[in-house]
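The values are calculated or read from the model by the stated rules, or taken from the named source; none is laboratory data. Given the structure is predicted, the values throughout are model-derived calculations rather than measurements. Please note: Cβ atoms are built from the backbone with ideal geometry, for glycine as well, and neighbour counts cover all protein chains shown. Protein only, heavy atoms only, side chains kept; ligands, DNA and RNA dropped before computing areas. Shrake-Rupley method; radii C 1.70, N 1.55, O 1.52, S 1.80 Å.
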Amino acid sequence: MADRISMVEGDIKTLALDAIVNAANESLLGGGGVDGAIHHAAGPELLAECRGIGGCETWEAKITKGYRLAAKHVIHTVRPVRHGGNAGEDALLASCYRRSLEVVAENGVMSVAFPAISTGAYGFPADRAARFAVRTVADVIAHDAPLDSVVFSCFGAESADRHRSALAQANALP
């Protein structure tokens, strides 16, 4: 499992993989943070394709072409907003990762990168989000997910360290 999960510190938009995951809003029409950056880098064709999808619910995931990105596809997953932690947000966050990996498998994608979903303006504590992300991905991979690699694209050394620590913890579990 650990040999298929890695961390990189850098810009998810530059990764030449089969797919990158976009931490999207429900409209799928772009927004702030990584969502806006991915839309900007991919060009107006991505926006046009997303308009045709008609939105997406929180935790769900949809696939589009990558257009001007280095990645062939973008998996858009709608990130949950943290409301104090008592409204099922943890389960919704884990579902973002799980559902994205299901879309990956359904579409023959063999390599995918995730950002740190919901850790910016959407309010998830970064350590907690990293643990949920890595644990969910490791669980899916352990159950024979047909993919070669999952990359956590971390924006900064602190995020990369959180994800490495979470991976070490996941590998220590029986």
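Potential lengthening of the chain between SER165 and ALA16 amounts to 51.1 nm, from the contour at 0.36 nm per residue minus the alpha-carbon distance.
Helix content alone sets the calculated 222 nm mean residue ellipticity of the chain: runs of n ≥ 4 DSSP H residues at -39500 (n - 2.57) each, divided across all residues, give -13000 deg cm²/dmol. In the range 6-106, the ratio of gyration radius to Kirkwood radius, Rg to Rh, stands at 0.96 when only Cα atoms are counted. How far is helix 157-172 tilted, in degrees, relative to the longest principal axis of the Cα atoms in the chain, given as a value from 0 to 90 rounded to the nearest 10? That helix lies at roughly 50 degrees to the long axis. The aspartates and glutamates within cross-link reach of LYS62, meaning a Cα-to-Cα straight distance under 12 Å and a gap of 8 or more places when in the same chain, are GLU26, GLU49, GLU102, GLU106. Computed from the Kirkwood radius of its Cα pairs, the Stokes-Einstein diffusion coefficient for the chain at 20 °C and 1.002 mPa s stands at 136 µm²/s. Spin-label model, ASP144 to SER6: label points 7 Å out along the Cα-to-beta-carbon direction sit 2.6 nm apart.
Which whole-number percent is the relative contact order of the chain (Cα, under 8 Å, 6+ apart)?
On the way: 344 pairs, mean separation 51.2, N = 174.
Averaging sequence separation for qualifying contacts and normalising by length gives 29 percent for the chain.
Taking the DSSP bridge list for the chain and keeping only pairs wholly inside it, about 20 percent are antiparallel. Taken per residue, the accessible surface of the chain reaches 45 Å², heavy atoms only and a 1.4 Å probe. A crude spin-label estimate for the pair GLU45 and GLU158, with each label 7 Å from Cα along the Cβ direction, gives 3.7 nm.
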